[in-house]
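Colleague: The structure is given below, and queries will be raised subsequently.
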Amino acid sequence: MSFRKLWMTGLTVSLGVLSVQAKTAKFAPPVPLTPAQTALVQKAIGQEKATVKAIQEHTPVVQTYIQNMRPDPKLYSVPESDQYMLGRVDFGKTFNDKSYETKSSKHGFFKGSFKYVSGLTKAFNISYSSTGFMDMMFLDPVSFDQQHYDFAFVRREFLGTIRTDVFDVRPKPKTGVGRFFGRIWIEDQDGNIVRFNGTYTSNANDEVTRYYHFDSWRQNIQPDVWLPAAIYAEESQGGTGKKGTGFRAQSQFWGYSLKLPTRESDAESITVENAQDQSENSQDVSPLAAKRQWVSQAEQNVLDRLVQAGLLAPPSDFDKVLETVTNNIIIGNKLNLPGDIHCRVLLTTPLESLAVGNTILVSKGLLDVLPQEEDLAAILSFQLAHIMLGHHIDTRYAFNDRLLFPDEATFERINMNHTAADDGDAAKKAMDLFNGSIYHDKSASVSLFYQQLVSRSKSLPALVTPRLGDSLLKADGTPWMSAFLNQGPKLNIEDVAQDRAALPLGSRLRTDSWDDKVYALNLKGDQILNPGDKMPLELTPVYFRLQRYQAAATAPATAGAPAQAPAQIPAQAPVPDQPQPAAPAAATTDNAQPQQNPQ
């Protein structure tokens, strides 16, 4: 089957019964484009074909998270259910996907493994192509041209530092259903489409097939290469819950530089840049030191494999922020540890943390929603307690051949979550560590966070379910560190004066879609005007402050963080080679200038 037929089949079925139709209607003839505008549109048509080919050469990781929403009289809308999917997409020859299988959970959220296909199907209780959200990577992969579409110039607008020409696009009459209908942003230097926003057309007489609305963003991740970075979809009505509900969804793309192993042995030849050598330099080792090095070998093998699979960020400057908070806990408690404790960032959204040897991993989603440094300290205390109690990773992973498996099997093959008994012991030890640190008098904020987590955990089971490590909650829904619950004021989300107990997703970090490095966002504080502005643990629209690709400069070595120093969450990011999310600055004249980055 041709690529066009595959795409149209997936699009027509996958986007069904989800939103308002874009029915065929009569429009006034578009205002003719100027010669310069026509030239830019023609250049964009050619670049779009090149972009489709570029996408087919890569196998990115795709994460889709959906929250079904219900109206709320005081908060406008709140989540009532959610769905999470993670896949590795291969567009090399066909439009398909390889899903990350999920191990069965002892917390009761999973009843065995499932594929990305079934995950997307269950998300909307319908049967449709597993690549539904991924269809929105494309405007029209085959027939995006002036024979099938009309273009109307709207204005010029800056998206970050990128000046774009904005056009409304609609399919010509009698060109078939499933055509893009909306607005595109074309950067005026090379003619790349960097953003498109709209829906797809349906048959005017069809009362069943409907399409939802989406906002698709691309980033300049390599010289002259713009590839999908994120897609946001939303409908105020049309979710799969009760009547009158809607949904919000985000698909995020990263790992474009990853290679997709075709056989289990292929992983053997993959090398990881910036891997940390944690071995000791002494010639002779004691039996205890030998045991610790064996654990360290298993640790490094697992960390390397997670990076290869696109699940763990390579070492980054943000790791130093996490390690500063960890060192504050270690020094405050006067701990004498045999080796340094390292920290890394999992790239996934579910709220989880884990300890792999002497390395603490915290998911990007969890880091995004933590409002204060002391909240992070509580999370790190929990995993530091596991390390101190000797709850180390299974040393069978010291044999590297045990890690030679396809990327999508990572969740099934690597088991790193602790037992309920170990988590219980670690929670008690973690409270002692927190109370012995410089954060001991800041437990009120931690209390609010855990109260908020408990409050929304039943409606967001996919978000609070770990994929690799430890949950923040017990099987009964109470926090492992429940001692915090009574150490602060009672949560009142309707009180604007009360500090935010948890932030929306995407509030802390961004991921480089090419090399998977993470950077802290440079954001100013939000002013909360009403309870609906708090949006704890919620999805929000996607906006990027776009800029052209810049080769990363070699940064000079920096000294270690001072002991017991504030971690300054969020930290300032280094000069990025990727854009930072922010609201776009609109300009309506040909001589418009970009706004300065917010401080």
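Colleague: I'm trying to understand the selection: among the residues of the range 451-476, which are closer than 25 Å to Ile329 by Cα, touching a residue at least 60 places away in the same chain (Cβ under 8 Å), assigned to a helix (DSSP H, G or I) and not hydrophobic (A, V, I, L, M, F, W, C)?
Modeller: The answer is Gln452, and nothing else.
Colleague: Looking at Arg508, Arg456, which is the one that is under 28 Å from Asp317 (Cα atoms) and of a type in the set (D, E, K, R)?
Modeller: Numbers: Arg456 fails: under 28 Å from Asp317 (Cα atoms).
Going through Arg508, Arg456 in turn, just one is under 28 Å from Asp317 (Cα atoms) and of a type in the set (D, E, K, R): Arg508.
Colleague: If you scan the range 135-149, which residues turn out to be in contact (Cβ under 8 Å) with a residue 40 or more places away in the chain and open to solvent by 20 Å² or more (accessible area, probe 1.4 Å)? Spell out how you get there, then give the answer.
Modeller: Pass one, the range 135-149, residues in contact (Cβ under 8 Å) with a residue 40 or more places away in the chain: 135-146.
Once the filter is applied, which keeps residues that are in contact (Cβ under 8 Å) with a residue 40 or more places away in the chain and open to solvent by 20 Å² or more (accessible area, probe 1.4 Å), the range 135-149 yields Val142, Asp145, Gln146.
Colleague: In addition: Kindly provide the set of residues from the range 488-523 that are more than 12 Å from Val369 (Cα to Cα) and over 21 Å from the mean Cα position of the chain (by Cα), ordered by number. I'd like the intermediate steps shown before the answer.
Modeller: Kept after step one, since they are more than 12 Å from Val369 (Cα to Cα), are these residues of the range 488-523: 488-499, 510-523.
Listed by number, the residues that qualify are Gly488, Pro489, Lys490, Leu491, Asn492, Ile493, Glu494, Asp495, Val496, Ala497, Gln498, Asp499.
Colleague: If a residue has to be aromatic (Phe, Trp, Tyr), buried (at least 22 other Cβ atoms within 10 Å of the Cβ) and part of a loop (DSSP other than H, G, I, E, B) to count, how many in the range 515-544 make the cut? Spell out the reasoning first.
Modeller: Going through the range 515-544, the residues aromatic (Phe, Trp, Tyr) turn out to be 519, 543-544.
The next check asks that each one be buried (at least 22 other Cβ atoms within 10 Å of the Cβ); those that pass are 519, 544.
From what's left, part of a loop (DSSP other than H, G, I, E, B): 544.
Counting residues in the range 515-544 that are aromatic (Phe, Trp, Tyr), buried (at least 22 other Cβ atoms within 10 Å of the Cβ) and part of a loop (DSSP other than H, G, I, E, B) gives 1.
Colleague: Report yes if Thr38 is in contact with a Pro (Cβ under 9 Å, 6 or more places away or on another chain), surrounded by fewer than 17 Cβ atoms within 10 Å (Cβ to Cβ) and at pLDDT 90 or above, otherwise no. Step through it out loud before you land on a result.
Modeller: Working: in contact with a Pro (Cβ under 9 Å, 6 or more places away or on another chain): yes; surrounded by fewer than 17 Cβ atoms within 10 Å (Cβ to Cβ): yes; at pLDDT 90 or above: yes.
It is true that Thr38 is in contact with a Pro (Cβ under 9 Å, 6 or more places away or on another chain), surrounded by fewer than 17 Cβ atoms within 10 Å (Cβ to Cβ) and at pLDDT 90 or above.
Colleague: Pairs under 6 Å by beta carbon, first residue on the phi < 0 side of the Ramachandran plot and at pLDDT below 65 in the range 407-426, partner small (Gly, Ala, Ser) and open to solvent by less than 20 Å² (accessible area, probe 1.4 Å), six or more apart or different chains?
Modeller: If the second residue must be small (Gly, Ala, Ser) and open to solvent by less than 20 Å² (accessible area, probe 1.4 Å), the pairs left are Asp407/Ala309; Glu408/Ser99; Thr410/Ala309.
Yes/no matrix, rows are residues, columns are (1) assigned to a helix (DSSP H, G or I); (2) crowded, with 23+ Cβ neighbours inside 10 Å; (3) at pLDDT 95 or above:
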| site | (1), (2), (3) |
| --- | --- |
| Gln293 | yes, no, no |
| Asn301 | yes, no, no |
| Gly310 | no, yes, no |
| Asp319 | yes, no, yes |
| Val325 | yes, yes, yes |
| Ile331 | yes, no, yes |
| Asn336 | no, no, no |
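Colleague: Further question on the same structure: What number goes with the only condition from (1) under 28 Å from Ala233 (Cβ atoms); (2) buried (at least 22 other Cβ atoms within 10 Å of the Cβ) that Ser459 does not pass?
Modeller: That leaves (2) as the condition not met.
Colleague: Let me ask something else about it. Quick one: is Leu448 within 22 Å of Asn492 (Cα to Cα), of a type in the set (A, V, I, L, M) and open to solvent by 10 Å² or more (accessible area, probe 1.4 Å)?
Modeller: yes
Colleague: If I ask for residues that are open to solvent by less than 50 Å² (accessible area, probe 1.4 Å), more than 17 Å from Thr201 (Cβ to Cβ) and assigned to a loop (DSSP other than H, G, I, E, B), which ones from the range 150-179 would you list?
Modeller: Gly160
Colleague: Is at least one residue of the range 231-249 modelled with pLDDT of 50 or more, more than 30 Å from Leu159 (Cβ to Cβ), assigned to a loop (DSSP other than H, G, I, E, B) and open to solvent by less than 70 Å² (accessible area, probe 1.4 Å)?
Modeller: Within the range 231-249, one or more residues are modelled with pLDDT of 50 or more, more than 30 Å from Leu159 (Cβ to Cβ), assigned to a loop (DSSP other than H, G, I, E, B) and open to solvent by less than 70 Å² (accessible area, probe 1.4 Å).
The values are calculated or read from the model by the stated rules, or taken from the named source; none is laboratory data. None of these values were measured; they are calculated from a predicted model. In this analysis, Cβ positions are derived from the backbone assuming ideal geometry, glycine residues included, and neighbour counts consider all displayed protein chains. These accessible areas exclude ligands, DNA and RNA; they are computed on the full protein's heavy atoms, side chains included. Shrake-Rupley method; radii C 1.70, N 1.55, O 1.52, S 1.80 Å.
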